[in-house]
Protein chains: 2
Amino acid sequence: MELRERARHYFEELQRSICGELEALDGAGRFAEDSWQHEPDGTSEPGGGVSRVLSNGTLFEKAGVNVAAVRGRLTERLARRLGVAEQTFFATGVSLVAHPLSPMIPTVHMNLRYIELAERAWFGGGADLTPHYLYDDDAVHFHTTWKRACDAHDPSFYPRFKQGCDEYFWLAHRGEARGIGGIFFDYLGEDPERTFGFVRDVGQAFIGAYVPIAERRRTEAWWDHERDWQLVRRGRYVEFNLVYDRGTLFGLETRGRTESILMSLPPLVRWRYDCKPAPGSREAALVAVLQRPKEWIPG
Amino acid sequence: MELRERARHYFEELQRSICGELEALDGAGRFAEDSWQHEPDGTSEPGGGVSRVLSNGTLFEKAGVNVAAVRGRLTERLARRLGVAEQTFFATGVSLVAHPLSPMIPTVHMNLRYIELAERAWFGGGADLTPHYLYDDDAVHFHTTWKRACDAHDPSFYPRFKQGCDEYFWLAHRGEARGIGGIFFDYLGEDPERTFGFVRDVGQAFIGAYVPIAERRRTEAWWDHERDWQLVRRGRYVEFNLVYDRGTLFGLETRGRTESILMSLPPLVRWRYDCKPAPGSREAALVAVLQRPKEWIPG
């Protein structure tokens, strides 16, 4: 079977297993499944996918896991923006964003994708954590899990991909990272089979990276003002995804299926003018770390 | 006095008078004033402005009126995106967005600006209405007010600027307009003094365009599901402003003052997966009009 087909099947399998684990974690919520075919109005050919969404669970306010495979032709405008010649593409990937109800449980995101653009083929993806309140041990656990998955393949991966993550999820207009990072890689594909092995290991590591954090924070009490802070921080999440995220902009620009592309957006969000945390507060401690991404694993 | 100075003073005066009128309309809320100087981290020079925000009023959940004057140099990237050579700019303008609490009262936006880019100088701006529930007589009143203001200057203005508005506030990825339009114009400046006269008349017409609509809808009862629909529609407002709006992207890209640029974002917003109005509902009637912008004034 061609690599593109095997990649796609793997992403579908990963979607199923992760949804099962997240349902078990939630305890009550169930993923609704929405299989779709999409006929874009531009030059792209029809694509298809499966979106799975859990809404109003006990732990997750909204969690979405999407698998898609699309092929088409870049618009001239997009080709120019990406700095490539106008050409055909194929893309398949899985993407996941989970927004817990409790502000003490971090939002998490993972994306794994396989892309062919004219003669080139590569994998990209990563996983990152967006806490609203900072627990150092959560950050260390998350990063340690990814470092282990990376180190099994190449000792240079974790430091490169950790830095790549801090750079990618940067809101320049806020002078802040979206969260406390994780790993992010792109254009990885000198040896496609080996790279696919690495991507599978990243996929397998996700549950171990996130579930223990959610389990130990689910019993933390929280107050209205902490929920409010979470909604304000979710505004930054929206700003990142709509202003900077390449995947989102690529999807919208190629007239992908909007509901699946924007499934990542939080369920409820607040914007408040000039909202600044009080000095010395837990909120201020989070912002300080977002402004200067740190090394979570002593070198 | 130079035109740029007179434009700036006019925008400041307009801000004061409109804030007074909106406070009178609200009945309880008061605009807080925030004068700021901003030192961008890029190549732009310091700019300044005054942001006025009314939060949690009786009629307005959030209303912001901002005046700013900035000068600087376009980044190479932005110059490329705008299709001009890298060069210096000066911009001053007033912008206003008011988000009522009641889903029966439409959100309103107005922006007026004066820009100098190298040798060129022009005015731009407009006003548009974003209802969550459609009342035809509100749409007709809003458009009629702008048509009158336009017709006093040039009979070709209203049809051109009405179409410009429908085209500008278009969410391509949704296949919907942001609202029911109004007027939008840009690069208007063959005769700067005459254009300034037109811009002042647009500014003076704002209160008459909006306040009567808010007054007649403020006593309409509404239910939770209607408030919920308003929050979902506000998500589209965010999508437009962060993905398409040239002013927002220009401001963020030139490292303007983020809080003033994003003052336009609604106070509370909801994203729900694949939210579709029931056939035959009032929500569906709104969407139908957004999908096919219509002429509100019989020709």
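Entry remark, the stretch B:258-269: residues being more than 19 Å from B:Asn56 (Cβ to Cβ) and more than 7 Å from every other protein chain (Cβ to nearest Cβ) number 2 in total. Yes or no: the stretch B:209-221 includes at least one residue that is within 30 Å of B:Arg4 (Cα to Cα), more than 10 Å from chain A (Cβ to nearest Cβ), open to solvent by less than 20 Å² (accessible area, probe 1.4 Å) and under 16 Å from the mean Cα position of the chain (by Cα). Looking through the stretch B:209-221, at least one residue is within 30 Å of B:Arg4 (Cα to Cα), more than 10 Å from chain A (Cβ to nearest Cβ), open to solvent by less than 20 Å² (accessible area, probe 1.4 Å) and under 16 Å from the mean Cα position of the chain (by Cα).
Close contacts from the stretch A:122-151, counting a first residue that is over 16 Å from A:Val202 (Cβ atoms) and a second that is hydroxyl-bearing (Ser, Thr, Tyr) and buried (at least 21 other Cβ atoms within 10 Å of the Cβ), with Cβ to Cβ under 8 Å and a gap of 6+ residues or different chains, come to A:Thr130/A:Thr107; A:Thr130/A:Tyr237; A:Pro131/A:Thr107; A:His132/A:Thr107. Output yes when any residue across the stretch A:38-50 is at pLDDT 95 or above, in contact with a helix residue (DSSP H, G or I) (Cβ under 8 Å, 6 or more places away or on another chain) and of a type outside the set (Gly, Ala, Ser), and no when none is. The answer is yes, given that some residue of the stretch A:38-50 is at pLDDT 95 or above, in contact with a helix residue (DSSP H, G or I) (Cβ under 8 Å, 6 or more places away or on another chain) and of a type outside the set (Gly, Ala, Ser). Among the conditions (1) within 14 Å of another protein chain (Cβ to nearest Cβ); (2) within 26 Å of B:Leu171 (Cα to Cα); (3) open to solvent by less than 10 Å² (accessible area, probe 1.4 Å), the only one that B:Leu112 does not satisfy is (1). Scanning the stretch A:167-186 for residues that are part of a strand (DSSP E or B) and closer than 30 Å to B:Thr248 by Cβ gives A:Trp170, A:Leu171, A:Glu176, A:Ala177, A:Gly181, A:Gly182, A:Phe184, A:Asp186. The residues listed here are B:Ser260, B:Ser264, B:Ser281; of these, the one that is more than 22 Å from B:Gly164 (Cα to Cα), among the small types (Gly, Ala, Ser) and crowded, with 19+ Cβ neighbours inside 10 Å is B:Ser260. Once the stretch A:281-299 is narrowed to residues that are assigned to a loop (DSSP other than H, G, I, E, B) and farther than 16 Å from A:His225 by Cα, the residue that is nearest to the other protein chains (Cβ to nearest Cβ) is A:Arg292.
Could you list all residues from the stretch A:92-121 that are small (Gly, Ala, Ser) and in contact (Cβ under 8 Å) with a residue 40 or more places away in the chain?
Step one: of the stretch A:92-121, the residues small (Gly, Ala, Ser) are A:93, A:95, A:98, A:102, A:118, A:121.
Within the stretch A:92-121, A:Gly93, A:Ser95, A:Ala98, A:Ser102, A:Ala121 meet the criteria.
Residue check: A:Leu78 meets all listed conditions (1) surrounded by 14 or more Cβ atoms within 10 Å (Cβ to Cβ); (2) within 20 Å of the chain's Cα centre (by Cα) but one, namely (2). Among residues of the stretch A:25-43 that are open to solvent by less than 60 Å² (accessible area, probe 1.4 Å) and part of a loop (DSSP other than H, G, I, E, B), those with a Cβ under 9 angstrom from a residue that is of a type in the set (A, V, I, L, M, F, W, C) and modelled with pLDDT under 95, sequence gap 6+ or separate chain, pair up as A:Pro40/A:Val70.
The set of residues in the stretch A:190-222 that are at pLDDT 95 or above and not in a helix (DSSP H, G or I) comprises A:Arg218, A:Thr219, A:Glu220, A:Ala221, A:Trp222.
Out of B:Asp154, B:Asp138, B:Asp191, B:Asp186, report the one residue that is among the charged types (D, E, K, R) and under 26 Å from B:Pro100 (Cβ atoms).
So the residue among B:Asp154, B:Asp138, B:Asp191, B:Asp186 that is among the charged types (D, E, K, R) and under 26 Å from B:Pro100 (Cβ atoms) is B:Asp138.
Taking the numbered list (1) within 15 Å of A:Asp245 (Cα to Cα); (2) outside any strand (DSSP E or B) in turn, A:His141 passes all entries but (1).
Of the residues B:Arg255, B:Arg236, B:Arg272, the single one that is in a helix (DSSP H, G or I), charged (D, E, K, R), farther than 20 Å from B:Asp136 by Cβ and within 11 Å of another protein chain (Cβ to nearest Cβ) is B:Arg236. Can you pull out the residues in the stretch B:61-94 that are small (Gly, Ala, Ser), within 14 Å of chain A (Cβ to nearest Cβ) and under 22 Å from B:Ser260 (Cα atoms)? Across the stretch B:61-94, the qualifying residues are B:Ala63, B:Gly64.
Might you let me know whether the stretch B:6-22 holds any residue that is open to solvent by less than 20 Å² (accessible area, probe 1.4 Å), away from chain A (no Cβ under 12 Å), part of a strand (DSSP E or B) and among the aliphatic types (A, V, I, L, M)? Within the stretch B:6-22 (the criterion being open to solvent by less than 20 Å² (accessible area, probe 1.4 Å), away from chain A (no Cβ under 12 Å), part of a strand (DSSP E or B) and among the aliphatic types (A, V, I, L, M)), the answer is no, since none of the residues qualifies.
Of the residues examined, A:Leu231 is not one that is open to solvent by less than 40 Å² (accessible area, probe 1.4 Å), under 17 Å from the mean Cα position of the chain (by Cα) and within 14 Å of chain B (Cβ to nearest Cβ). Candidates are the residues of the stretch B:239-251 that are of a type outside the set (Gly, Ala, Ser) and either more than 9 Å from chain A (Cβ to nearest Cβ) or in contact with an Asp or Glu (Cβ under 9 Å, 6 or more places away or on another chain) (or both); the one that is surrounded by the most Cβ atoms within 10 Å (Cβ to Cβ) is B:Phe240. Residues that are closer than 18 Å to B:Val108 by Cα and open to solvent by less than 30 Å² (accessible area, probe 1.4 Å) within the stretch B:143-165 comprise B:His143, B:Thr145, B:Trp146, B:Ala149, B:Phe161, B:Lys162, B:Gly164, B:Cys165, listed in sequence order.
The values are calculated or read from the model by the stated rules, or taken from the named source; none is laboratory data. Everything numeric in this text was worked out from a predicted model, so none of it was measured. Neighbour counts are summed over all protein chains in view; Cβ atoms, including those assigned to glycine, are modelled from backbone coordinates with ideal geometry. Surface areas here come from the heavy atoms of the whole protein model, side chains and all, with no ligands, DNA or RNA. Shrake-Rupley method; radii C 1.70, N 1.55, O 1.52, S 1.80 Å.
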